[in-house]
Structure formats: C-alpha cells, structure tokens
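J.: Right, I'll just put the structure down here and ask away after.
The values are calculated or read from the model by the stated rules, or taken from the named source; none is laboratory data. Note that this is a predicted model, so its numbers are computed, not measured. Every residue, glycine among them, receives a Cβ derived from its backbone with ideal geometry; neighbour counts consider all protein chains shown.
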Amino acid sequence: MIPSYNFDRNYDQRNTRYNELADKQVTKAKGKYCVVTTRNGYDGNFCDSFSNNCHYFTNRQTAIAFAQHYSDIYDHVAGVFKMPVFIGGVSCR
C-alpha cells in the first residue's frame with residue numbers, strides 16, 4: 001500500500017527533497033490527494049483538519065513521498081487521503 005521510505009540519503013538531501021515535494025502542492029480545488037499532518041490524520045480522521053495541516057497534490061506518489069519526508073524531517077506522523085477516502089498512515093520515526 002504505502003511504498004517504503006529510503007533512509008540512505010543524508011539529512012540535507014532529504015530536506016532538499018522535502019522542499020521540492022512541498023513546491024508541488026496545489027490548491028484544495030485542484031487537489032485529488034491530501035496529506036493531513038496531524039495525529040488524527042494518521043488515524044484516518046480527515047474531518048478535524050485545519051487548512052494549515054492539509055497539503056494537496058494531484059499525484060498519489062507525490063502525496064505519499066511528501067508524507068514520508070514530512071514524517072522524517074519533523075518526526076511526526078501524517079495521513080494520506082484520496083479525497084476523502086483514507087489511504088494510510090505514514091510514520092518514518
């Protein structure tokens with residue numbers, strides 16, 4: 001379901017990739033997939049998410065990669081949704 005995360009790169013490379021993925025975000029109206037960066041999102045609850053916790057993407061792989069890099073860089077969990085269906089939780093802790 002969720003592809004495995006590559007920890008082989010150093011922190012700077014992972015942070016650079018996170019920023020590249022963040023640049024691929026789109027508006028809510030254009031987004032097909034959503035990454036919710038809260039514990040509730042990780043548990044599959046999309047309803048209580050504030051807009052600053054929602055990151056929208058048009059591509060599934062990009063959304064999952066963003067969630068994995070977010071989890072790794074910020075040491076936090078995230079949930080990936082195909083609006084509004086829960087795909088899975090991501091934790092790279």
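J.: Output the residue which, of all residues in the stretch 67-93 that are surrounded by 21 or more Cβ atoms within 10 Å (Cβ to Cβ), hydrophobic (A, V, I, L, M, F, W, C) and out of contact with any Ser or Thr (no Cβ under 6 Å at 6 or more places or on another chain), is nearest to residue 22 (Cα to Cα).
T.: 67
J.: A further question follows. Are there any pairs with C-beta distances below 8 angstrom linking a residue in the stretch 66-93 that is under 13 Å from residue 41 (Cβ atoms) and in contact (Cβ under 8 Å) with a residue 12 or more places away in the chain to a residue that is assigned to a helix (DSSP H, G or I) and among the β-branched types (Val, Ile, Thr), with the two at least 6 apart or on different chains, and if so which?
T.: Hits for this filter: 80/64; 87/64; 90/64.
J.: Would you be able to say whether some residue in the stretch 42-51 is without any contact (Cβ under 8 Å) to a residue 24 or more places away in the chain, closer than 21 Å to residue 15 by Cβ and assigned to a helix (DSSP H, G or I)?
T.: no
J.: So how many residues does the stretch 9-60 have that are within 12 Å of the chain's Cα centre (by Cα) and among the β-branched types (Val, Ile, Thr)?
T.: Residues that pass the stated criteria total 4.
J.: Could you please let me know if residue 87 is among the hydrophobic types (A, V, I, L, M, F, W, C), modelled with pLDDT of 85 or more and not in a loop (DSSP other than H, G, I, E, B)?
T.: No.
J.: Oh, and also: For the stretch 19-41, enumerate the residues that are β-branched (Val, Ile, Thr) and either closer than 17 Å to residue 75 by Cα or touching a residue at least 60 places away in the same chain (Cβ under 8 Å) (or both). Give the derivation first.
T.: In the first step, residues of the stretch 19-41 are kept if they are β-branched (Val, Ile, Thr); the result is 26-27, 35-38.
If the condition is that a residue be β-branched (Val, Ile, Thr) and either closer than 17 Å to residue 75 by Cα or touching a residue at least 60 places away in the same chain (Cβ under 8 Å) (or both), then 35, 36, 37, 38 are the ones that fit.
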